[in-house]
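One structure is given here, and the rest of the page talks about it.
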Amino acid sequence: MSLLEDAVEKVVIGADHVHTAATVRRRQRTFVPPSELHSHLATKADTALLDQLFYATVDECPDPNCRPLVLDRVAADATATRKLVNWACHIASEMYGGLPAELVDGDEAATTVFRPSPFFCRLAAEYHNPGSAFDAVYATFDTAQRRQVADNAVALVDGFQVWWTDFLYQ
Ligand SMILES: [Zn+2]
């Protein structure tokens, strides 16, 4: 990458720093990052951006522009957002042996500190069910809704980093 391209990239992200597995400071547990979750979606999505969003969340980045701008970029990419939600659901499903009601049922989810958007719960419910209509539900989401579910996906795994399975039961 040329110096000019590098400069443009930084302007687009809006921050003078990056977040990666190598720079993250707060991590207590190691989960597979979004970029490394094997999926048929992997080739099209901007997976470095997904990792950046995750590690900025883990580190509670103090730059007020950093996380919102990365979130905007993720939400603009439907494939990337979908991969991020699949990644979070995959990790949660492995941890609990399936997705608990606190993720798939909006009323139950509202009682947790996590408090995901109803859109996230709908996707989690579809992920959870055999013969899932995940694709069909996801296709109805607009950019603002994708932004919410992307935000929820990284917040969920960030919560697991600190609280493990207790995150949904505090
Ligand atoms: Zn940052």
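Rule-based calculations on the coordinates, nothing more; no lab input. Note that the coordinates shown come from a computational prediction; the quantities given were computed from them, not determined experimentally. With ideal geometry, Cβ positions are generated from the backbone for all residues, glycine too; neighbour counts draw on all protein chains shown.
If each DSSP helix of 4+ residues adds -39,500 (n - 2.57) and the sum is divided by the residues in the chain, what number results at 222 nm, nearest 500 deg cm²/dmol?
-17500 deg cm²/dmol
With r as the distance between the Cβ atoms of ALA22 and ALA110 and R0 = 30 Å, compute the FRET efficiency 1/(1 + (r/R0)^6) and round to 0.05.
For ALA110 and ALA22, the calculated efficiency is 0.25.
Summarise the long-distance tail of P(r) for segment 99-170 by giving the % of C-alpha pairs beyond 22 Å.
Result: 18 percent of Cα pairs exceed 22 Å.
Give me the net charge for the shell around VAL104: Cβ to Cβ below 11 angstrom, other residues only, Lys and Arg +1, Asp and Glu -1.
Local net charge: -4.
Can you divide the C-alpha Rg of the chain by 2.2 N^0.38 Å and report the result to two decimal places?
Its radius of gyration relative to the 2.2 N^0.38 Å reference: 1.01.
Given the Cα-Cα distance of TRP163 and TYR96 and 0.36 nm per residue of separation, how much length would full extension add, in nm?
22.8 nm
ASP135 to ASP63: FRET efficiency via 1/(1 + (r/R0)^6), r the Cβ-Cβ distance, R0 25 Å, to the nearest 0.05?
According to the calculation, E is roughly 0.10.
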